[in-house]
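First up is the structure itself, then whatever we jot down about it.
The values are calculated or read from the model by the stated rules, or taken from the named source; none is laboratory data. Keep in mind it's a predicted model, so treat the numbers as computed, not measured. Every residue, glycine among them, receives a Cβ derived from its backbone with ideal geometry; neighbour counts consider all protein chains shown. Side chains included, ligands, DNA and RNA excluded: accessible areas come from the protein's heavy atoms. Shrake-Rupley method; radii C 1.70, N 1.55, O 1.52, S 1.80 Å.
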Amino acid sequence: MTKIYPNAVDFPKPKGYFGIGIENAMQTQNIGTIWRSAQIMGADFIFIIGGNYKRMKTDTIAAHRHIPLFYFENFQDFYKSLPFESKLIGVELDEKSIPISEFKHPKQAVYLLGSEKTGLSEEAKNKCHLLVQLPGRLSLNVSVAGSLPMYDRLMKPTFCTI
């Protein structure tokens, strides 16, 4: 049973679309948490590259019934399957990253998070259209890191053209 909160506000659904996923996730519970956040914040899909997923207790709203999860064996398979005209945005601590406070989201975006231990692969960083950096000098838990660009996208009213 879902509890109804009278003060809850749905996020407005902007035009365009976005998806979010993890490359080589080490902890499957992080995937469940991102899945739940993705559903709440209006993502159109999530994905994993490498690794595997089994339903976790962290997905308390059964997001798997509402938003698809795509699985890719490796980065090359994922990259070949990017939606038409979408921009791949890496979320990474990197000297080429744009601080999220200055970032303008593309209308059609695919956000890619790296492994909890090693971050994005060099191949992924090189193929990303843009890299965005979250605040702080240290990396965040990947499920927390995944929620921040989705929230930021919802809070900024306009999109950029890349």
Selection count where residues are assigned to a strand (DSSP E or B) and of a type in the set (Lys, Arg), scope segment 63-75
0
Identify all residues within segment 27-42 that are at pLDDT 85 or above and in contact with a His (Cβ under 9 Å, 6 or more places away or on another chain); write none if there are none.
Gln39
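Look at Asp59 and say whether it is of a type in the set (Asp, Glu) and either open to solvent by 30 Å² or more (accessible area, probe 1.4 Å) or modelled with pLDDT of 90 or more (or both).
No.
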Subset tally (residues that are open to solvent by less than 10 Å² (accessible area, probe 1.4 Å) and touching a Gly at 6+ places or on another chain (Cβ under 6 Å)) for segment 28-47
3
Among (1) in a loop (DSSP other than H, G, I, E, B); (2) at pLDDT 90 or above, which single condition is Asp10 missing?
(2)
Based on this model, can you work out whether Ile67 counts as closer than 18 Å to Phe45 by Cβ, at pLDDT below 95, under 16 Å from the mean Cα position of the chain (by Cα) and open to solvent by less than 30 Å² (accessible area, probe 1.4 Å)?
yes
